[in-house]
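Here's the structure, in structure tokens; my notes come after.
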Amino acid sequence: MEQEHGSNDRILKNLRFHPKGMTITEISKQTHLTRNSVSKHLEVLRIGGHVDMRVVGNAKVYSLAQRVPMSAFLCFTRNLIVVLDRYGTIVQINEQFLNFAGLKKDEIVGENIRDVSIPIVSEAKMIALIESVEKEQFATDVRYTHNNVDFFYQMQVIPTVFEDGGQGHTIVLEDITDKRRYMWNMEFLARTAMEFVAIPKETDIYQRIAELILEFVPEGQVFVSSYDETRQKYVIRAVMDQDFRDSLIAISGRDIVGMEISLDEVFSSPFFENYGEMKSGIREIYLSEKSADGSLSFYDFAFQQIPEKICEEIAVTWNIGKAYMAFLTWNEELFGDVGILLSADGKIDSTKALDSFIRLASIAISKRMTEEQLRRSNRRFREVVEYSPFPAAIIDSDGRYTFINQKFTEIFGYTLADIPTGRKWFEKAFPDPEMRKKVIKTWEADLKNAGVSQVRPRTFPVMCKNGEMKIIQFWPVQLCENVQYITYEDISELRQVHQIILSEIAELMDVREDLWIRNQALASLETAIAIVDMNGLLKYVNPAFVSLWGYDSPEEVRGTFISDFLGSGAAAMDFVPMLDQNEQWSGLMTGFRKNKSPFTVQVHVTGIADTEGQVVGLMVSFSGEVLLT
């Protein structure tokens, strides 16, 4: 035996200086032992856990075993470990496992795993799994439920060789509960985020939020409220689960869904005193029979909106001892609140994940409210345009007509099907190629130079669907995203009146005998008329002009410059040299009454020519104060 012990020491000493390992032949040469003797000693050392063996090609390579003593391993690991022999007898178990199981070491060491109750490993299916592992290490995830709470472990079954050569198994349980819950939380948040992005508008979003919170905290009872900023009231919109809601109805005699609570009553509660509280995330609130330091009664928690005795019955029936509460807020805007009721020892595993979900829910509500406000705004805008007394059209950034009102079809005869695009409109409204080219060129130039909300008035003759030609004043304005909004005014009759007056003035200009007729004709018109010489001096104004500007008589204004009555007067006279007897100018200008008050007026200017066609003056008509829509 001494010779054998010495042989083992010689083998181990040589292996110590050869960390990469040695074959049987190499060890035999170094120790001067026969190959058979070396092979026998190596097998004993391997069974005893002193050496390891690996196969390289056709050779077996032996090296010193790099192992931690089982006792140290059991003490310093956080995992739960139990060692069984080949018959299932408990050989060793660490303190962590004993504390977890609530057992004492001397009570179970030496006992068979089948005869004692050790969490997880004593289950029949686990024993069968352990016994099926022979050579290769095996790992699997297992779930363990304790007090209605799920725990998750990764179980490793490791074939084990003892000092005496006996075989068994080492079972290592690593607690992966936090990891599994974290992964579930991330999956839950990702899934709900995608759901909120595409949630249908007909879905009750508050009810859906309550359902998802109940999925996150299945042992809780949930309520979700909305907040009406205009009325400064909370409205309970959802209560989950259905059993809890039915119980509340039975106890209180009413359905609390729909109950309203004013903001003042919320802030009067002992645990909410100012708006800043709304930003404090999820708050944990302990509930008791009476409000005291550190706790609230369920009656006070319900903002005293439910009778106190009923609150007490609800709390007892559902074993309510704790609440978690958070406000639904986003971008400094309040949308409602969320409450979760639990037993006194209940808790939420990850308030951070729940807080992230509440932010997602707040964003979803904000998005829903913004969409609803936008739909209402669009509906109001469409109604205003639809019932406008003037024709109107909306053109998108691609040049497609998206809307025309009833008045548009009434005046022009065209429907949206007739003019789906700007190209079709130009073809139908301006059939003459030269005129169409001129109109398109003017439109494109105005579009290039105009800014958002800037009106670009223009006057063109338009061909209606029935073949009638009308003189139309265009009032296009560019909205956001290059959308064009255009109103139209039919000024055909006004232009005809203007032409008649112009012809009368041309005939009477040099005929003093007809002065009285001219005065009577002009004075009888309801349209304000002014005749201006080439220097811009008022030579004549009719009573309608005097009335429009708020003067008492024509003598007060005659002989003054027309620029005194119009904004940007000098610029307004720049068109004078450009007029001949066949040209006219129309547009909007700002007028200033005698009392200096401004108003917008539609102006039509036409040159007055003598018999030789020379422009000797201007006739300016004012169609009255214009109201822009």
Practice item. Within 10 Å, count the other beta carbons around each residue, average over each peptide in 180-190, 317-327, and list them highest first. Key: 317-327, 180-190
Review point. Roughly how compact is the stretch 158-241, stated as its Cα Rg over 2.2 N^0.38 Å to two decimals?
Key: 1.99
Check your understanding: To the nearest 20 debye, what is the magnitude of the charge dipole of the chain about its Cα centre, counting +1 on the Cβ of each Lys and Arg and -1 on the Cβ of each Asp and Glu?
Key -> 2440 debye
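Suppose every K and R has +1 on its Cβ and every D and E has -1 on its Cβ; what is the size of the dipole of the stretch 236-387 about the Cα centre, in Debye to the nearest 20?
Computed charge dipole of the stretch 236-387: roughly 720 debye.
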Revision key, fill the gap. Karplus-derived 3J(HN,Hα) from phi for the stretch 610-623 (6.51 cos²θ - 1.76 cosθ + 1.60, θ = phi - 60°), whole Hz, x at Gly and Pro, runs 7, 5, 9, x, 7, 6, 10, x, 10, 10, 10, 10, 10, 7
Exercise for review: Express in Å², to the nearest 10, the accessible area of C480 obtained by rolling a 1.4 Å probe over the protein heavy atoms while all chains stay in place.
Suggested key: 90 Å²
Point to revise | Value of relative contact order over the chain, rounded to a whole percent, pairs C-alpha under 8 Å and six or more apart | key: 5 percent
Practice item. Excluding residues on the same chain fewer than 8 positions from K441, give the lysines whose Cα lies under 29 Å from its Cα. Key: K407, K424, K428, K465, K470
Study note, to complete from the structure: Among K20/K105; K60/K135; K20/K125; K60/K179, the pairs whose Cα-Cα distance exceeds 30 Å are K20/K105; K20/K125; K60/K179
**Study point:** Charge-dipole axis of the stretch 87-185 as Lys and Arg at +1 and Asp and Glu at -1 on Cβ define it, positive-most pick from I108, G88, A128
**Key:** A128
Check your understanding: Given A344, T402, S388, which one lies farthest toward the positive end of the charge dipole of the stretch 336-408, if we put +1 on the Cβ of every Lys and Arg and -1 on the Cβ of every Asp and Glu?
Key -> S388
**Study point:** Hydrodynamic radius by Kirkwood, which averages 1/r over all alpha carbon pairs of the chain, in angstrom
**Key:** 35.3 Å
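Output the peptides 218-228, 132-142 sorted from most to least packed, where packing is the average of other Cβ atoms within 10 Å over each peptide's residues.
Descending packing order for the listed peptides: 218-228, 132-142.
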Check your understanding: Hey, can you rank 11-24, 332-345 by average C-beta count inside 10 Å, highest first?
Key -> 332-345, 11-24
**Study point:** Cα-centred dipole magnitude for the stretch 309-451, charges only on beta-carbon of K, R (+1) and D, E (-1), debye, nearest 20
**Key:** 520 debye
Check your understanding: On average, how much accessible surface per residue is there in the chain, in Å², for a 1.4 Å probe, leaving out ligands, DNA and RNA?
Key -> 56 Å²
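The values are calculated or read from the model by the stated rules, or taken from the named source; none is laboratory data. Because the structure is a prediction, the values reported are computed rather than measured. Don't worry about glycine lacking a Cβ; one is built from the backbone with ideal geometry, like all the others, and counts go over all protein chains shown. All accessible areas refer to the heavy atoms of the entire protein, side chains included, with ligands and DNA or RNA removed. Shrake-Rupley method; radii C 1.70, N 1.55, O 1.52, S 1.80 Å.
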